[in-house]
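Take a look at the structure set out below.
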Amino acid sequence: MANRGNRRAKIVGTDIEIDITEKKDIVIESHDDDHGHDDNHHKETFITKYIFSIDHKMISKQYLITGLIMGIVGIAMSLLFRLQLAWPEESFGIFDVLLGKWATDGVMDPNVYLALVTIHGTIMVFFVLTAGLSGTFSNLLIPLQIGARDMASGFLNMISYWLFFISSALMIASLFVEAGPAAAGWTIYPPLSALPQAQPGSAAGMTLWLVSMAFFIASSLLAALNYIVTVLNLRTKGMTMTRLPLTVWAFLVTAIIGVVSFPVLLSAALLLIMDRSFGTSFFLSDIFIQGEVLHYQGGSPVLFEHLFWFLGHPEVYIVLLPALGIASEVIATNARKPIFGYRAMVGSILAIAFLSTIVWGHHMFVTGMNPFLGSVFTFTTLLIAIPSAVKAFNYITTIWKGNIQFNPAMLFAIGLVSTFITGGLTGIILGDSALDINLHDTYFVVAHFHLVMGISALYGLFAGVYHWYPRMFGRMMNKTLGYVHFWITAISAYGVFFPMHFIGMAGLPRRYYTNTNFPYFDDVANINVIITLFALLAGAAQIIFLYNFISSMYYGKKAEQNPWKSTTLEWTAPIKHIHGNWPGKIPHVFRWAYDYSKPGSKEDFVPQNVPLKKGEKELQH
């Protein structure tokens, strides 16, 4: 053992000798040497570069573009059913064109209204805000911000994207089956989802929905495991956990929540397939259809609700946490100030993750739940407001007296803080079992979760795209178009969801394709028209974004290496994407991620890879 420090070994087939005592250094140095020369040893074809790529930067673009395409479909569906809600008796030519037999003479069929609501919810929650947001930015930023060559497994990364692609294709394919797509709501409660004969959307469309989600969950689990291993094992020298940018903390914790909760939804989907196709009774009991008594005995649809919402509520934070992480990075960079309360922010991310797994019952207050259990879920739900408030206050304090750069990314990040607060406040009302019973399944609920989860996460997605577009495509997006996009979107989003709170308090139920049969609701008909006009305006604003996004790839101003004067490692890599991210050695880290406006430094930012000067102290955080 005395000579342990001198143990050496020869690599087979070479003359290279290495010291095998310092394992970590071997990995870094040998990999560095591998990238110390030009990139020609990685000759790539079109297929390996753009389609079956194992490079995290290309995979992030694939996720983003697939997510945007699915987003177009999801938003288009919402505009169709908004037209129906505003003018329920009217005939629309566009219904005839897009819905065919489901809109005879341009009048929407009630069955397809439910299908549009179902697929809109599914696409936006899972395909746009889970895969589109997490898939894009976890892939792009984790290796670049922690100082890694790539993900822990590039192959697994590629597989996770293609499973997501297959899942997306199956979901779109379900729109074209004879009996129509799934129509049980995005929560797919039995018996509508469990009995193929229940309604047209319960047949093949529902089966495709379940198969699509099975692929989606497999994709999410593979990706999440990859993200976790990468963050824990591949950080560069000096990158301790307390020096990680908050984006990486958010992606790491999001991945952990996904690994804990997604398998439960997969089990629910598999049991539902058993009930549908193999005659089991997990979720069905004492069912009558048109006077016929079905054979199902002993199952419970409430069991399905428990399984669904055990994923469904953590899913809210799987969607939100990456957006909040992006907001932390964008706000600190553009306020030119260190993020306020770094450790409190990390603590709040961890607290939100834990609490998100013990609040699912607040979706089920009206299922006949024991009132004592309801009070327990009320308590845990109100508890989650505390770490959420910590994040909100810390964002506001970071902005306070900052030298704010009002670019489009910053505007969307500030917009996220706004909708997170306004949407979160109504969550306190719905989290109280006594109040929720009156408001359950009204438009109040729709307004709440669209603001706190939908709009907030979309703003995070937009902030991330505007901020890291130069890193992804080497060009800048048009700032003026970005401003137009933000202001129309922000005004329209509140124009849509603010009035919804009032029609919800008036008792208007969600998922009804028309309310003309209820004279009680005649007074709110005009509000539905206003909401639809704002929704159409918001849809038009996204066309501006898409034009800016696509045209900037070709005609945008060429980006500098660090256009936002940011401190994190992704801006130290060359603009041209290369295999392994950095030529030569990976940069080492000497400080935390938020050294903005540091007293005593010449510039108002100090990158993480700049060593501390003599006598300089790392900021306490």
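The values are calculated or read from the model by the stated rules, or taken from the named source; none is laboratory data. Since we're looking at a predicted model, the values are computed, not measured. Ideal geometry is used to build each Cβ from the backbone, glycine not excepted, and the neighbour counts take in all protein chains shown. Remember, those area values only see protein heavy atoms, side chains included, never the ligands or the DNA or RNA. Shrake-Rupley method; radii C 1.70, N 1.55, O 1.52, S 1.80 Å.
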| Single residue of the range 77-120 satisfying the filter (open to solvent by less than 10 Å² (accessible area, probe 1.4 Å) and not hydrophobic (A, V, I, L, M, F, W, C)) that is nearest to L170 (Cα to Cα) | T118
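Please determine whether any residue of the range 474-488 is in a helix (DSSP H, G or I), among the charged types (D, E, K, R), modelled with pLDDT of 95 or more and open to solvent by less than 10 Å² (accessible area, probe 1.4 Å).
Of all residues in the range 474-488, those in a helix (DSSP H, G or I) come to 479-488.
Now drop any that are not among the charged types (D, E, K, R), which leaves 479.
Of the ones still in play, those that are also modelled with pLDDT of 95 or more are 479.
Pick out the ones that are also open to solvent by less than 10 Å² (accessible area, probe 1.4 Å) and you get none.
Looking for residues that are in a helix (DSSP H, G or I), among the charged types (D, E, K, R), modelled with pLDDT of 95 or more and open to solvent by less than 10 Å² (accessible area, probe 1.4 Å), one finds none in the range 474-488, hence no.
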| Can you tell me which residues in the range 279-299 are of a type in the set (S, T, N, Q) and over 24 Å from S267 (Cβ atoms)? | Q290
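Matching residues to (1) of a type outside the set (S, T, N, Q); (2) within 26 Å of the chain's Cα centre (by Cα); (3) assigned to a helix (DSSP H, G or I):
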{"site": "D105", "(1), (2), (3)": "yes, no, yes"}
{"site": "L114", "(1), (2), (3)": "yes, yes, yes"}
{"site": "H120", "(1), (2), (3)": "yes, yes, yes"}
{"site": "F127", "(1), (2), (3)": "yes, yes, yes"}
{"site": "G135", "(1), (2), (3)": "yes, yes, yes"}
{"site": "S138", "(1), (2), (3)": "no, yes, yes"}
{"site": "Q145", "(1), (2), (3)": "no, yes, yes"}
{"site": "A148", "(1), (2), (3)": "yes, yes, no"}
| said: Checking the structure you have, find out if any residue of the range 254-268 is more than 21 Å from the chain's Cα centre (by Cα), surrounded by 20 or more Cβ atoms within 10 Å (Cβ to Cβ) and modelled with pLDDT of 95 or more. | reply: yes
| query | Which numbered condition trips up D150, out of (1) under 30 Å from E570 (Cα atoms); (2) at pLDDT below 95; (3) among the acidic types (D, E)? | reply | (2)
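Go through the range 500-517 and give me each residue that's part of a helix (DSSP H, G or I) and touching a residue at least 40 places away in the same chain (Cβ under 8 Å).
Answer for the range 500-517, where residues must be part of a helix (DSSP H, G or I) and touching a residue at least 40 places away in the same chain (Cβ under 8 Å): M500, H501, I503, G504, M505.
How about the range 591-605: which of its residues are charged (D, E, K, R) and either buried (at least 20 other Cβ atoms within 10 Å of the Cβ) or under 20 Å from L246 (Cβ atoms) (or both)?
Scanning the range 591-605 gives R591, D595, K598, D604.
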| request: Pull up the range 295-326, narrow it to residues that are within 27 Å of F282 (Cβ to Cβ) and in contact with a Leu (Cβ under 6 Å, 6 or more places away or on another chain), then point me to the one that is modelled with the lowest pLDDT. | output: Y296
| query | Of the numbered conditions (1) crowded, with 24+ Cβ neighbours inside 10 Å; (2) outside any helix (DSSP H, G or I), F251 satisfies every one except a single condition; which is it? | reply | (2)
| task | For the range 379-397, indicate whether the set of residues that are surrounded by 15 or more Cβ atoms within 10 Å (Cβ to Cβ), out of contact with any Leu (no Cβ under 7 Å at 6 or more places or on another chain) and more than 27 Å from V330 (Cα to Cα) is non-empty. | result | yes
| query | Of everything in the range 332-372 that's closer than 30 Å to L303 by Cβ and among the hydroxyl-bearing types (S, T, Y), which residue is surrounded by the most Cβ atoms within 10 Å (Cβ to Cβ)? | reply | S356
| Would it be correct to say that T207 is among the hydroxyl-bearing types (S, T, Y) and in contact with a Gly (Cβ under 9 Å, 6 or more places away or on another chain)? | no
| If you scan the range 398-425, which residues turn out to be of a type in the set (V, I, T), open to solvent by 20 Å² or more (accessible area, probe 1.4 Å) and within 15 Å of I339 (Cβ to Cβ)? | I399, I404, I414
| query | Which condition number in (1) in a helix (DSSP H, G or I); (2) surrounded by fewer than 18 Cβ atoms within 10 Å (Cβ to Cβ) is the one that G279 fails? | reply | (1)
| Among the residues of the range 65-80, is any in contact (Cβ under 8 Å) with a residue 40 or more places away in the chain, under 15 Å from T514 (Cβ atoms) and not polar (S, T, N, Q)? | no
| query | So which of I47, I59 is modelled with pLDDT of 50 or more and open to solvent by 80 Å² or more (accessible area, probe 1.4 Å)? | reply | I47
| field | Conditions (1) within 28 Å of T122 (Cα to Cα); (2) under 24 Å from the mean Cα position of the chain (by Cα); (3) free of Cβ contacts under 8 Å to residues at least 24 places away in the same chain: number failed by S281 | value | (2)
| query | Can you tell which of N548, N581 is open to solvent by less than 20 Å² (accessible area, probe 1.4 Å), touching a residue at least 24 places away in the same chain (Cβ under 8 Å) and not in a helix (DSSP H, G or I)? | reply | N581
